[in-house]
1. Any idea how many residues of region 715-734 are assigned to a loop (DSSP other than H, G, I, E, B) and surrounded by fewer than 16 Cβ atoms within 10 Å (Cβ to Cβ)?
2. Taking the condition in a helix (DSSP H, G or I) and within 48 Å of the chain's Cα centre (by Cα), does F825 pass?
3. Return the residues of region 735-765 that are open to solvent by 30 Å² or more (accessible area, probe 1.4 Å) and of a type in the set (S, T, N, Q); say none if nothing qualifies.
4. Residues to consider are S576, S563, S597, S572; find the one that is assigned to a helix (DSSP H, G or I), under 19 Å from H525 (Cα atoms), out of contact with any Ser or Thr (no Cβ under 8 Å at 6 or more places or on another chain) and free of Cβ contacts under 8 Å to residues at least 60 places away in the same chain.
5. Pairs needed: first member in region 742-763, of a type in the set (G, A, S); second member anywhere, at pLDDT 90 or above and open to solvent by 40 Å² or more (accessible area, probe 1.4 Å); C-beta distance under 7 Å; at least 6 residues apart or different chains.
6. Scan region 958-992 residue by residue and report those that are polar (S, T, N, Q) and either touching a strand residue (DSSP E or B) at 6+ places or on another chain (Cβ under 9 Å) or in a helix (DSSP H, G or I) (or both).
7. Is there any pair linking a residue in region 287-305 that is assigned to a helix (DSSP H, G or I) to one that is at pLDDT 90 or above and open to solvent by 50 Å² or more (accessible area, probe 1.4 Å), with Cβ under 9 Å and at least six apart or on different chains, and which?
8. When you go through (1) modelled with pLDDT of 70 or more; (2) open to solvent by 50 Å² or more (accessible area, probe 1.4 Å) one by one for C288, which number turns out not to apply?
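The values are calculated or read from the model by the stated rules, or taken from the named source; none is laboratory data. In this text, all values refer to a predicted model and were calculated from it rather than measured experimentally. Don't worry about glycine lacking a Cβ; one is built from the backbone with ideal geometry, like all the others, and counts go over all protein chains shown. The protein model used for the area step is the full one, side chains on, heavy atoms only, and it has no ligands, DNA or RNA in it. Shrake-Rupley method; radii C 1.70, N 1.55, O 1.52, S 1.80 Å.
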Amino acid sequence: MADVPNTNPFLDDEDVEKPGITATGENDIESQAAKTSDHHELSLDALAASLLKENFVLTALEFHTELLETGREIPRLRDYFSNPGNFERTKDEFGTASLHRTSSIQTFDSLDFARYSDDGGGQVDERVAVLEFELRKAQETIKSLRASLTQEAENELGSTEQVNEGVVTLGQEEAIKPMDKKAINFLINEYLLLQNYKLTAVTFSEENEDQDFEDWDDVGLNMARPPSLLHLYKDYGNHATPVMSTEDFHCQVELEREEDQKVWEEWTNLKSQLESKVADLENQIDVCKKENQSLKSQITELYDQRSENQVIYSSAPSKKHSISTNQDNDCTLGVDNSVNNCNEECDRTDVTDSVKDSDSKAKSVMNGDQSRDRDISEGSSESVVVLDRNGSLDDRSPTMTISPTSESTEDTSKRHLTPTFRKALLDVCFHVSKDNRIVHEVSQIIGADRDHIITMLARCLPHIVPNVLLAKREELIPLILCTAMLHPDSKERDKLLNILFNLIKKPDEEQRQMIMTGCVAFAQHTGSARLIEELLPQCWEQINHKYPERRILVAEACGALASYLPTEILSSLILSMLQQMMVDDKEAEVREAVVRSLGILFGFISDTDKYTQGCELLWTSLKDPSERVVMTALHVFLPSLAVWADELDKLQHSLIHSVVRDLEELCALAAQKASNSTHIPLNESRFMNSMAALQELISFLYVSVIKTGPYSDRVDEVLHNVVDVDISRFPKPSSILSDLKVVCGDKDQLSALVHLFENHIGKEWFEPWDSFNWVVNNLIPRLLEVVLGAGLALPKIVNSLCRSFFLLSRTFGKVFVEKRLRPKFIELMVLTDEHTDHRGYAAAKQMSVTTCVVPVYAAGVLSAFNSEEDRQQLSQFLQEILCTLSMYQAPLDSLKAAFTELSSTHSNHELLLTVLWDAVVHTSPQVRATSARLFELMVKGVGENLISTRVFPALVTLGTDPEIIVRTATIPALGAIIENVSLVDMLDRVYMQFVTFMDDRMYRDEHEVNIELIRTLARVGPNAEPRFRDDREYSFFYFPLGLQVMYIYNARSLYIEIQSI
């Protein structure tokens, strides 16, 4: 049985339950309860109507509030209190008000304005407050009308969608409404601004002057701002269903039904009603806007009247002046307080009558001010103080001498004052001190032309700069530069430019950029003549400044102004300044800025005699102890000089030749100091810098070669027909200046030249040319000599050589590598008859396969391309070298270096492991032992997953090899696993392998095995797990040689104690 709600608040729930009610009468109970609830609601509505009819407004408001608190609401009360027109009173109602006012409750129309005003001035402010209140009411009315318009628009849109059933017909134009037009204009303007069509957006906004594009509320719809135009376009397909093409077919159907006709008529009537309502609402909005504009203009006029009437003349420190000032301040405070305290309880009054009253009161205020002025003029007045609308002082010092030709003189032109008396009167009232510099400058502003303003700025800026905070002085840079550009006197311009360079004590990078931009603007505006005469001397004066920031500013200025100076000045003055700073300055940051400016400078110098001097400065910067200076020289100075060298046809035979010669001298000097090629004491830093310079020049060399080919006359023919070259096939440039697209000119030019070059050299026989022959017959053989003499002792040098040949191979392409580069290496590594005997170990030690040629060829040439054929060639080469070195029992340093370089690339890991596994199953024990030693390098270069799946099983296989040299070779690799792997299962297996080596009696007499164990355990001891390092079962091993090895490891060191038993 359902519970019957208790609708009587005076009865308890027990009184409601009746014994005669059964389960069969539940529907009757529910209907009776509904009728009771409806009757209760009707009684409340009748009570509300009675209260409103008897004009018990406050009681009705309290009743409405209590109903809202209990969750109930009567529509009659809600509509009454939400309509502001029910509380507005007309003019006639003011005289017939029946409510008696008391002194404790003051309203706007019961205030005594005489109590709160001084000479009637407060009434103007009270009227301002009334108008502001009416303005707020008008704005609220506009908002309510806008909400009604939005609701009607939504209803119309919903009804249209229901009739059309979601079908949108394309190509049909509908009549656009003002609110729709404003919304669409707003979205279009927003799209133009987002897409950076600023000029189009400005033109569009000017063509729609009646709309404010910065405020969505100006559209007139109380709805959220819609998404962007792009979002609406992308989302169109989810809502719009184009009308499908139809064909007429004859069939017997009932085309018109009465229900459809009724629906159509109802929809038509509803549409006409909505259109009429929308038109009425738009008319009301226009009327409210006009009324709003009228009220605003009236408020503005009243503000202007108050501003004109509140001019107070402050004289010398006299008693009258102080009293009048205090009175005026009190009056102003009273006016402000009265305006701020006016709220929405003020009733609406007639605008016309109030304006008339305010005009009459304003006249009385003016009369009072004139009488007060007569009192003030008796004293010695020296300054004028004007109060703004907020009552604050505009100025406290005399600002301008009033001339007899001003507007005030025109108002009093009917007076017959003698010129002498008039001048004396003005001098007495507006006395200006002649000793004040600022007063003198300000007094000359009226009627000043541009030249006068520029000279005035030049006079004032030296006094302004010292008083500006150091952190804000950069704000003066535009003002100083404009004045220096336009000032007619050269001496004043020098002073201003001196102020510019000394404006900031230690300018940071951003501030220096501001000054440099200003210097460039000065050069563009004035020309090279004034730039040389005025700006360069300022740079010369700062060249030896004690602060490095100033010297950096000078160096950067030389580079920034290079494009605006004649080549004669660049080759002489600017070059000598930068050269002096490069040699003498001890700060690395200054030298870095100098090198950067040298790069810009040699991009504009045309004097060929300065090329040698540029090369000398380049080598000086490359040998600089600061790495930042060297990197700047490689990425800025060297590319700039390389372009000039190519123009002079000196790139190959001069610039690159110098770099390669430096490498050859380093290798020759090192060869004189050592007889073993694997341990040559090279000057590593100098060698690395030269190799970096060579790598930077490869791009310029390639462009020079392909531009000078015999096919160069056919470039224009294929320029627009060739497919764009794949830029990813070239190595990534180290800087933008060495990018092939930038060096060549553009991508189309590069694509055409590369296409012609590869087609030309891809032929079975082709015509060579000078630059191509120089690369093949001069550069590559000399670089191979450097590779042979570099040695394998320094990994960084090996890496730089591999990197250089990698860049050379990728840049010149696969066809060039196959036909010209690879044959050079193969010819170098062919073994002669004198090495065929396995006993020729001494001769084999010095052959090319034991030098740096192997890693360079493997990592620099064969791995430059990633096709299946290239990887097969790399795998075959590694297998051949592994077998060759193993058979000759030659040193494995070259092969280890190759594996180290290749393992640094993740894509080579599988290839290397495959090569080593083929060696694991090789028939020769020397090859298997070599593979075991190479696994030590793979442990350090691959991940734990490959170690557990590929490396460790191979070591286990080699650990059970019947040859003792193979098992011994696995010991270092097992130790490397202990150092680099953290998998517990694998470490346990490695420990057991070590235990096998130590406990097996067959190893007791093998001295080599014992020595290898001692070396490996001594190396891995600090990195082993504590349980392996501290367990005595693993710590003591007895060898038949009579030695006991004890490993004692603590927090700081590892002690190996070897004592005789």
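1. 7
2. Values: in a helix (DSSP H, G or I): yes; within 48 Å of the chain's Cα centre (by Cα): no.
So F825 fails the test.
3. Answer for region 735-765, where residues must be open to solvent by 30 Å² or more (accessible area, probe 1.4 Å) and of a type in the set (S, T, N, Q): Q749, N759.
4. From the options S576, S563, S597, S572, the qualifying one is S563.
5. From residues that are of a type in the set (G, A, S), the pairs are G762/V815.
6. Answer for region 958-992, where residues must be polar (S, T, N, Q) and either touching a strand residue (DSSP E or B) at 6+ places or on another chain (Cβ under 9 Å) or in a helix (DSSP H, G or I) (or both): T968, T970, N980.
7. Short answer, once both residue conditions are applied: none.
8. (2)
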